[in-house]
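What follows is a set of notes on a single structure, which appears directly below.
The values are calculated or read from the model by the stated rules, or taken from the named source; none is laboratory data. These numbers were taken from a predicted model, which means no experiment stands behind them. Cβ coordinates were reconstructed from backbone atoms using ideal geometry, including for glycine residues, and neighbour counts include every protein chain displayed. Just the protein is used for accessible areas: all its heavy atoms, side chains included, with ligands, DNA and RNA removed. Shrake-Rupley method; radii C 1.70, N 1.55, O 1.52, S 1.80 Å.
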Amino acid sequence: MKNENWVTEQFETDLALAYQQEHCESDKDSYDIEMQLHLAHVEMLLHQKILSQEEAALLLKALLKAWRSGPEIIPIHPGRADLYSNLEDWVVDEIGIDVGGKFHIGRSRNDMNCNLSRMMCRAYLIDFALPVCSLIQDLLEKADGHVETVMPGYTHHSQHAQPTTMGHYLIWGVDSFLRDLDRAAACYDRLNHSSMGAAALCTTGFPISREFMADALGFDGIVEHSMDAAGSRDFMLDTEAVLSIFQTNLNRLTELLLVWNIREIGIVRLARKHCSYSSIMPQKVNPVGVEMVRHAAAVTYGNMSSMFVTLKGTTPGNGREPSYLDGFVMESFRRTIPSAAYVGDMVREMTVNKERCLQLAREGFSTMTELADDMVRNEGISFYMAHKIVSHLAQIAVDEGIPCEGITGALVDRVTEELFGRKLGMTDAEVKHAINPVENVMDRKIVGGPAFEETQRMLKDRRERLAAVEAAWKAKKAYQMQKMEECVRTAEEIIQH
């Protein structure tokens, strides 16, 4: 007969096994940075004379062997909840308990795991930023080829508003993604502080050097308060927020591409490689690439929500719940980074129908704002009156099937007489100029407007900004690689000595 507590015991066993499997697999993804942390810790213990030269050399030799062999060298034992605990067992087995047992001096899994999360987020932010730089470059190149491609600008998702250009539209994406990189850089700066030395909660009695660890691991400094250092995970929420906001901006761009690709609109045609076929309708080309990107955003938002809910009830200090955040963040990065690269390729490969763009700009009454403005500037009436006239004029044109280009001075006078009992006397030439979409665009020379010359100025400015931003992220990557190489080189020198 089974013990009456067998259900509870089985539940606990299943949870423990699931936790171990999940975290050991997750730890393998961050194996390199974890091994760098262990090397730095042993080097710090030697520097602080907590370990002897011989002890440090033995430990470092074992760690380098484990690093170069890969995580598969480490046996996973039941009850050892993460890769580190099993690594510690392996080190003891490899070099004996007298020296191997000193591997954990002056630290806890609390400060170590939090520090690994910081290093992981830091590395992934770099891996995220560089594809976003490439996406921005793709947008700039496409925009440069369409500075003079006049098209309707849309509000309310699908309503013709005012004429703009494809180049002007795409610079919106450039600016949005540059802000995403600004957010990523600010997030990087906030999280790039070491937790090591906080130990479980209240530091340690061993004479360790927190500053040595911070420098060896490429951090800008330390998280000073030990409880904050060992237990806080708001930097992970910060990281996930960067990804979520980026996904929103990215999906606003893909929504544009989706709408523009509709056959009835026909502004762009997505490349076949970003589409799929129908199993029953052979003529169909489905934009499934956009749909996959949109799903990646949904997963990222879900992870963001799960992270908030996971952390909301945790007190200062560490516990098991915060350790689940690593998996959420890593999954979001794994979905977001390819999305950035994929959309960049989508923009690069799409075909723009310039003639259709201009045709829609002419047909959709998007130039009527300029007609109202011309009435104010040239005829001396108030904008309120001009708004009334043009609103009524557009309605009559729609009701009577008059195309935008068919509006004349006589039709304007007919409307003004109906509304206000007088004629404006605008000539056909004045009306034609006002409703010409190309002239509309050229008249918008205000900073940030779509006039060709102003768009070219913005493109030049954004290229320069992108070059500086990309150089800064590449410098971050080079510095972190340098610190890792220094860690390994120091270990080898200690072993040789």
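Among the residues of the range 208-229, what is the count of those that are surrounded by fewer than 22 Cβ atoms within 10 Å (Cβ to Cβ) and among the hydrophobic types (A, V, I, L, M, F, W, C)?
Looking only at that region, the number is 3.
Yes or no: the range 54-73 includes at least one residue that is polar (S, T, N, Q), modelled with pLDDT under 95 and under 38 Å from the mean Cα position of the chain (by Cα). Don't jump to the end; show me each part of the working.
Step one: filter the range 54-73 for residues polar (S, T, N, Q), giving 69.
Then drop every residue that is not modelled with pLDDT under 95, which leaves none.
For the range 54-73, residues polar (S, T, N, Q), modelled with pLDDT under 95 and under 38 Å from the mean Cα position of the chain (by Cα): absent.
Which number in (1) within 25 Å of THR155 (Cβ to Cβ); (2) surrounded by fewer than 20 Cβ atoms within 10 Å (Cβ to Cβ) marks the one condition that CYS404 misses?
If we test CYS404 against (1) within 25 Å of THR155 (Cβ to Cβ); (2) surrounded by fewer than 20 Cβ atoms within 10 Å (Cβ to Cβ), just (2) comes out false.
Answer with yes or no whether ALA143 is assigned to a loop (DSSP other than H, G, I, E, B), in contact (Cβ under 8 Å) with a residue 40 or more places away in the chain and either among the small types (Gly, Ala, Ser) or surrounded by fewer than 19 Cβ atoms within 10 Å (Cβ to Cβ) (or both).
Taking the combined requirement at face value, the residue does not satisfy it.
Filter the range 183-198 down to the residues that are touching a residue at least 12 places away in the same chain (Cβ under 8 Å) and either open to solvent by 10 Å² or more (accessible area, probe 1.4 Å) or part of a helix (DSSP H, G or I) (or both) and list them by number.
ARG183, ALA184, ALA185, CYS187, TYR188, ASP189, ARG190, LEU191, HIS193, listed by residue number.
Which of the residues that make up the range 282-318 are more than 18 Å from ARG233 (Cβ to Cβ), of a type outside the set (Gly, Ala, Ser), in contact with a Leu (Cβ under 8 Å, 6 or more places away or on another chain) and in a helix (DSSP H, G or I)?
The answer is VAL290, VAL293.
Just to be sure before I move on: is GLY205 open to solvent by less than 30 Å² (accessible area, probe 1.4 Å) and either closer than 30 Å to GLN456 by Cβ or modelled with pLDDT of 95 or more (or both) in the structure I sent?
Values: open to solvent by less than 30 Å² (accessible area, probe 1.4 Å): no; either closer than 30 Å to GLN456 by Cβ or modelled with pLDDT of 95 or more (or both): yes.
No, not satisfied.
Being in contact with a strand residue (DSSP E or B) (Cβ under 8 Å, 6 or more places away or on another chain), among the β-branched types (Val, Ile, Thr) and open to solvent by less than 80 Å² (accessible area, probe 1.4 Å) narrows it down to one of VAL415, VAL469, VAL438, so name that one. Can you show your working first?
Numbers: VAL415 fails: in contact with a strand residue (DSSP E or B) (Cβ under 8 Å, 6 or more places away or on another chain); VAL469 fails: in contact with a strand residue (DSSP E or B) (Cβ under 8 Å, 6 or more places away or on another chain).
Every option except VAL438 fails the conditions.
Go through the range 342-372 residue by residue and tally those that are in contact with a Ser or Thr (Cβ under 7 Å, 6 or more places away or on another chain) and in a helix (DSSP H, G or I).
Of the residues in the range 342-372, 4 are in contact with a Ser or Thr (Cβ under 7 Å, 6 or more places away or on another chain) and in a helix (DSSP H, G or I).
From ASP82, ASP32, grab the single residue that is closer than 30 Å to MET330 by Cα, touching a residue at least 12 places away in the same chain (Cβ under 8 Å) and open to solvent by 30 Å² or more (accessible area, probe 1.4 Å). Working first, answer last.
Details: ASP82 fails: open to solvent by 30 Å² or more (accessible area, probe 1.4 Å).
When all the criteria are applied, what remains is ASP32.
Quick check on my filter: what residues within the range 386-407 are assigned to a helix (DSSP H, G or I) and either in contact (Cβ under 8 Å) with a residue 60 or more places away in the chain or β-branched (Val, Ile, Thr) (or both)?
ILE389, VAL390, ILE396, VAL398
Would you check which residues across the range 44-57 are within 13 Å of PHE103 (Cβ to Cβ) and in a helix (DSSP H, G or I) and list them?
MET44, LEU45, LEU46, GLU55, ALA56
Listed residues ILE208, ILE222; which is among the aliphatic types (A, V, I, L, M), within 28 Å of the chain's Cα centre (by Cα) and farther than 30 Å from ALA298 by Cβ?
The match here is ILE222.
Only one of THR427, THR455 is among the hydroxyl-bearing types (Ser, Thr, Tyr), in contact (Cβ under 8 Å) with a residue 24 or more places away in the chain and over 23 Å from TYR188 (Cβ atoms). Can you tell me which?
Values: THR427 fails: in contact (Cβ under 8 Å) with a residue 24 or more places away in the chain.
Result: THR455 is the single residue among THR427, THR455 that is among the hydroxyl-bearing types (Ser, Thr, Tyr), in contact (Cβ under 8 Å) with a residue 24 or more places away in the chain and over 23 Å from TYR188 (Cβ atoms).
Name the pairs whose Cβ atoms lie under 8 Å apart, with the first residue in the range 254-274 and touching a residue at least 40 places away in the same chain (Cβ under 8 Å), the second of a type in the set (Ser, Thr, Tyr), and 6 or more positions between them or separate chains?
Taking only residues 6 or more apart or on different chains, the pairs are LEU256/TYR169; VAL259/TYR154; VAL259/SER158; VAL268/THR351; ARG269/THR351; ALA271/THR351; HIS274/TYR342.
Run down VAL268, VAL290, VAL285 and say which single residue is modelled with pLDDT of 95 or more and surrounded by 15 or more Cβ atoms within 10 Å (Cβ to Cβ).
VAL268
Can you tell me which condition ILE381 does not meet? The list is (1) within 46 Å of the chain's Cα centre (by Cα); (2) in a loop (DSSP other than H, G, I, E, B), and all the others hold.
So the condition that ILE381 fails would be (1).
Looking only at the range 323-359, how many residues end up being open to solvent by 20 Å² or more (accessible area, probe 1.4 Å) and under 30 Å from PRO152 (Cβ atoms)?
13
Mind listing whichever residues of the range 219-253 are among the small types (Gly, Ala, Ser) and more than 15 Å from SER117 (Cβ to Cβ)?
Across the range 219-253, the qualifying residues are GLY221, SER226, ALA241, SER244.
Output yes when any residue across the range 276-288 is basic (Lys, Arg) and touching a residue at least 60 places away in the same chain (Cβ under 8 Å), and no when none is.
Checked the range 276-288: no residue is basic (Lys, Arg) and touching a residue at least 60 places away in the same chain (Cβ under 8 Å).
Taking only pairs six or more apart or across chains, which ones have beta-carbon atoms under 9 Å, a first residue in the range 87-115 that is more than 30 Å from TYR324 (Cβ to Cβ) and open to solvent by 40 Å² or more (accessible area, probe 1.4 Å), and a second residue that is at pLDDT 95 or above and in a loop (DSSP other than H, G, I, E, B)?
Pairs that qualify, where the first residue is more than 30 Å from TYR324 (Cβ to Cβ) and open to solvent by 40 Å² or more (accessible area, probe 1.4 Å) and the partner is at pLDDT 95 or above and in a loop (DSSP other than H, G, I, E, B), are LYS102/ILE50; LYS102/LEU51.
Okay, residues lined up against (1) part of a helix (DSSP H, G or I); (2) among the hydrophobic types (A, V, I, L, M, F, W, C):
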{"residue": "ILE105", "(1), (2)": "no, yes"}
{"residue": "MET112", "(1), (2)": "yes, yes"}
{"residue": "ASN115", "(1), (2)": "yes, no"}
{"residue": "MET119", "(1), (2)": "yes, yes"}
{"residue": "ALA129", "(1), (2)": "yes, yes"}
{"residue": "ILE136", "(1), (2)": "yes, yes"}
